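Asker: Mind having a look at this structure? Questions to follow.
The values are calculated or read from the model by the stated rules, or taken from the named source; none is laboratory data. Owing to the predicted nature of the structure, the values given are computational and were not obtained by experimental measurement. Cβ placement follows ideal geometry from the backbone for every residue including glycine, while neighbour counts extend to all protein chains displayed. Only protein heavy atoms, including side chains, enter the accessible area calculation; ligands, DNA and RNA are left aside. Shrake-Rupley method; radii C 1.70, N 1.55, O 1.52, S 1.80 Å.
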Amino acid sequence: MNNSNFDKFPEVPIKGYYGFKGWEEIGGEINRNLNKEKKKSIIVIECYPGVLIDPFINAMQSQIGNITFIDASSGLKPEEEITKMVFPFVTDDPVFGYVTSLSLLDFFDENSLKKHQKEIEQQDKGIICIYGIGASLFYSEPDVLIYADMPRWEIQLRFRNNWVGNLGASNFTDEFSYKYKRAFFVDWKVCDRVKMDMFEKMDYVLDSTIQDAPKMITGKTFLEAMKQVVKRPFSVVPFFDPGPWGGQWLKEVCDLDRSKVNYAWGFVCVPEENSLLLRFDNILFETASINLVYYQPRQLLGDKVYEAFGAEFPIRFDFLDTMEGGNLSLQVHPLTEYIHEKFGMNYTQNESYYFLDAKEDAVVYLGLKDNIVPDKMLEELEAAQEEGGSFDTDKFVEKWSVKKHDHVLIPAGTVHCSGANTVVLEISATPYIFTFKLWDWDRLGLNGKPRPISLKHGREAIQWDRTIDWTRDNILDKVEKTSEGDGWIEEKTGLHEGSFIETHRHWFTKKVFHETDGVVNILNLVEGREVIVESPSGAFEPFIIHYAETFIVPAEVGAYTVRPTVENGGKRCATMKAIVRIENIPHNRIN
């Protein structure tokens, strides 16, 4: 294997704009923009969950001087009342909840909020700064509005370090799984609605992802940056995580920390949780990549995808590394009607496994064996879960040999898991939390505790007619050559009738022409050391992609080309491209 050239911190250049860095400079910029002639000035710092705002408050106190501070959390309802209010959405299920219908205002005590608003109104001079989640509810038209944002992956790290708890809760030391579930179904949904309303109003945007190296840009600069990003291909910042079945491949290929026990997941395109690195003239600014989806959805996704899904990014790419590791958990995903009824989601997780690498003994568990008795399989799964016994997977689930570059389709309802000694590029619809684990091979999680099994939900999802012949005929490496040209071949590698995701593989030694056709494209370089992505008309600067890297081509881009660089030494390259097949959306989405 060549030395890794994987870019773990891809940047998007934003020319002609600058920002502010360090708490002292940031505080000074706020001070300079206050109208000194006004007797009374109001500053609002609206925060996303996970933000640690105290250093900013200290900087403002130091730079501006005499300020009256109001912590927005002082207007929240009592914690016990909030916990009771969110329970129908968090539920007592160890993994799953229901998408909330609550608004941020529901978390605040009406009388307390009115009291604070009256006090603000009655103060006739001086500077008042309201800060925290919900600060914008206290005063709707401040002199300075600052939005302090935070990518969701960083929030998860802060959950694990017990730095932060959930909205309206002091549960810093609760289990990570609970805090994540509550954030996924409640906190982030509630605060995203506020964030989307802020875009055209905010004067500044704060990046405190690196706590001791904060950056800030103006709101206008932020919006201009979002408009520039959708005019070119780009990559989000990947993140990686260990797991009980994790392997060693990602360490080498992506140049990760060799001292870690393993890396199981590589989240290379999950815009809800990834971040974007924006390179301004004087700073590198990190922002949640979901902001691009929220602010420029039509330009990014395309009109038809946006009309079908709204401001949601419907496709994700991630790595599953079991090289020198173990089998994934045996699992199944829910059908659309079930996920909508039980969890409030509009579409389900149809997915596929593209085998980026595999050893000679590699297998995938996919579909059921012929003539099994469903009640018997469920009975043995229940016994394994409740009595701690083992489950004989080979007795019920068919096992298929796989090799590098095989592609298997996994429509919702199909029992499946990848075996050890593989690296999977998982191409999936976005509701990624809804994996119903049926069996986990008698092992514990990295925390030393049993991993949650979702047999109650799983038994409702299994499609019992997906046996050997059906699997072979419908979802096992269905490759079809669709076109070819000078130095390239295009193949359609899979589109099950129940999925809205269509995938195409291009093998090439020369330039390949692509066209978005008004639909967002997501690509991964699955073979080759390095390629260059270019605009035939020079509309964007050339963009370098290395082996295993993923990039997004916004719908607005239109035509683009991909060609090998001299780094490949004339060897063949390959990309996997995923798009939304518009005509399939009505069969998968509950309106």
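Asker: For residue 319, which sequence-distant residues (separation of 5 or more, or a different chain) have an amide H within less than 5 Å of its own amide H, given hydrogens modelled in the peptide plane?
Answerer: Under 5 Å from the amide H of residue 319 lie the amide H atoms of 266, 267, 268, 426, each far enough along the sequence or on another chain.
Asker: Please report how many Lys pairs in the range 377-461 have alpha carbons closer than 30 angstrom, counting only residues at least 8 apart along the chain or sitting on separate chains.
Answerer: Qualifying lysine pairs in the range 377-461: 12.
Asker: Another question, if that's okay. Can you give the helix-only mean residue ellipticity at 222 nm for the chain, where every DSSP H stretch with n ≥ 4 adds -39500 (n - 2.57) and the sum goes over all residues, rounded to the nearest 500 deg cm²/dmol? Spell out each step's value before the answer.
Answerer: Values: 17 runs with 147 residues, N = 591.
Helices in the chain give a 222 nm mean residue ellipticity of -7000 deg cm²/dmol.
Asker: Taking residue 38 as the anchor, which lysines have their alpha carbon closer than 22 Å to its alpha carbon, excluding any fewer than eight residues away along the same chain?
Answerer: 118, 125, 201
Asker: Treating the beta-carbon of each Lys and Arg as +1 and of each Asp and Glu as -1, no other charges, what is the dipole magnitude of the range 1-145 about its Cα centre, to the nearest 20 debye?
Answerer: Here the range 1-145 has a charge dipole of around 600 debye.
Asker: Hey, another quick one. Of all the accessible heavy-atom surface of the range 468-537, with the other protein chains kept in place and a 1.4 Å probe, what percent is carbon and sulfur?
Answerer: On the way: 1280 of 3010 Å².
After summing per-atom areas, the C and S share lands at 43 percent.
Asker: Lys/Arg Cβ at +1, Asp/Glu Cβ at -1, dipole of the chain taken about the Cα centre: which of 69, 396, 190 is farthest positive-ward?
Answerer: After comparing all options, I get 69.
Asker: Using only alpha carbons, build the gyration tensor for the range 69-174 and give me the equivalent ellipsoid semi-axes, biggest first, whole Å. Display every interim value, and only then the final one.
Answerer: Values: eigenvalues 164, 59, 28 Å².
For the range 69-174, the semi-axes come out at 29, 17, 12 Å.
Asker: Still on this structure: Quick one: which residues, 5 or more positions from residue 544 or on another chain, have an amide H under 5 Å from its amide H? H modelled 1.01 Å from N in the peptide plane, none for Pro or chain starts.
Answerer: 533
Asker: Hey, if you put +1 on the Cβ of every Lys and Arg and -1 on every Asp and Glu Cβ in the chain, which of 107, 374, 55 ends up farthest toward the positive end of that dipole?
Answerer: 55
Asker: Would you mind working out the magnitude of the charge dipole of the chain relative to its Cα centre, with +1 at each Lys and Arg C-beta and -1 at each Asp and Glu C-beta, to the nearest 20 Debye?
Answerer: 1040
Asker: Going Cα to Cα from residue 40, which aspartates and glutamates come in below 17 Å? Please leave out same-chain ones fewer than 8 positions away.
Answerer: Residue 40 reaches 119, 121, 124, 141, 143.
Asker: Taking the 0 to 90 degree range and rounding to the nearest ten, how far is the long axis of helix 54-64 tilted relative to the main principal axis of the chain, both from C-alpha atoms?
Answerer: 30
Asker: Once the dipole of the chain is set up with Lys and Arg at +1 and Asp and Glu at -1 on Cβ about the Cα centre, which of 269, 161, 293 lies farthest towards its positive end?
Answerer: Comparing the listed Cα positions along the dipole, 293 ranks first.
Asker: Once phi is turned into θ = phi - 60°, what whole-Hz ³J(HN,Hα) does the Karplus curve with 6.51, -1.76 and 1.60 give for every residue of the range 324-333, x standing for Gly and Pro?
Answerer: 6, x, x, 5, 5, 5, 5, 8, 8, 10
Asker: Provide the packing ranking of 118-125, 555-562, 179-186, i.e. peptides ordered by the mean count of other C-beta atoms within 10 Å per residue, highest first.
Answerer: So the peptides 118-125, 555-562, 179-186, ranked by packing, come out 179-186, 555-562, 118-125.
Asker: So, how do all the Cα-to-Cα distances of the chain break down into 20 Å bins, in percent, from 0 on up?
Answerer: With a bin width of 20 Å, the distribution comes to 19, 52, 26, 3, 0.
Asker: Additional query: Could you give the Stokes-Einstein D for the range 1-56 in µm² per second, using the C-alpha Kirkwood radius, 4 °C, 1.567 mPa s?
Answerer: It diffuses with D of about 82 µm²/s by this estimate.
Asker: On C-alpha positions alone, give me the angle between the axis of helix 219-229 and the longest principal axis of the chain, in degrees, nearest 10.
Answerer: That works out to roughly 20 degrees.
Asker: Which stretch or stretches of the range 46-83 have amide N atoms under 13 Å from the point lying 7 Å from residue 111's Cα along the Cα→Cβ direction?
Answerer: Backbone N within reach: 77-78.
Asker: What size of dipole, in debye to the nearest 20, comes out for the range 490-591 about its Cα centre when the only charges are +1 on Lys and Arg C-beta atoms and -1 on Asp and Glu C-beta atoms?
Answerer: Taking the Cα centre of the range 490-591 as origin, the dipole is about 280 debye.
Asker: Let me ask something else. Percent of alpha carbon pairs in the range 333-422 separated by more than 15 Å?
Answerer: Cα-Cα pairs of the range 333-422 separated by over 15 Å account for 67 percent.
Asker: Obtain the nm distance between the two label points defined at residue 125 and residue 460 by a simple spin-label model: each point lies 7 Å from its Cα along the Cα-to-C-beta direction.
Answerer: 6.4
Asker: Also: Which value in Å does the Kirkwood hydrodynamic radius of the range 128-254 take, with 1/r averaged over all unlike C-alpha pairs and then inverted?
Answerer: The answer is 17.2 Å.
Asker: Just to check I understand the Karplus step: with θ = phi - 60° and J = 6.51 cos²θ - 1.76 cosθ + 1.60, what whole-Hz values come out for the range 466-473, glycine and proline as x?
Answerer: Each residue's phi maps through the Karplus curve to give 8, 9, 4, 5, 4, 4, 4, 7 Hz.
Asker: Probe of 1.4 angstrom, ligands and nucleic acids ignored: what's the accessible area per residue over the range 69-142, in square angstrom?
Answerer: 54
Asker: Could you derive backbone 3J(HN,Hα) for the range 258-271 from the dihedral phi with the Karplus parameters 6.51, -1.76 and 1.60 (θ = phi - 60°), listing whole Hz in sequence and x where the residue is Gly or Pro?
Answerer: Calculated HN-Hα couplings, in order: 5, 7, 5, 4, 5, 10, 9, 10, x, 8, 9, 7, 10, x Hz.
Asker: Near the amide H of residue 484, under 5 Å away, which other amide H atoms are found, from residues 5 or more places off or on another chain, if H is placed in the peptide plane?
Answerer: Result for residue 484 returns 490.
Asker: Round to the nearest 10 and give me the degree value, 0 to 90, for the angle of helix 110-122's Cα axis relative to the longest principal axis of the chain.
Answerer: With both axes taken from Cα atoms, the answer is about 40 degrees.
Asker: Does the range 335-481 come out rounded, prolate or oblate, given a ≥ b ≥ c as the square roots of the eigenvalues of its C-alpha gyration tensor, rounded meaning a/c under 1.5 and, failing that, prolate meaning a/b above b/c?
Answerer: Verdict is rounded for the range 335-481.
Asker: From the C-alpha coordinates alone, can you work out the Kirkwood hydrodynamic radius of the range 492-587, in Å? Mind showing how you got there, number by number?
Answerer: Numbers: mean 1/r = 0.0722 Å⁻¹.
The answer is 13.9 Å.
Asker: For residue 220, go through the aspartates and glutamates and keep the ones whose alpha-carbon is under 12 Å away, minus same-chain ones fewer than eight residues off.
Answerer: 200, 203
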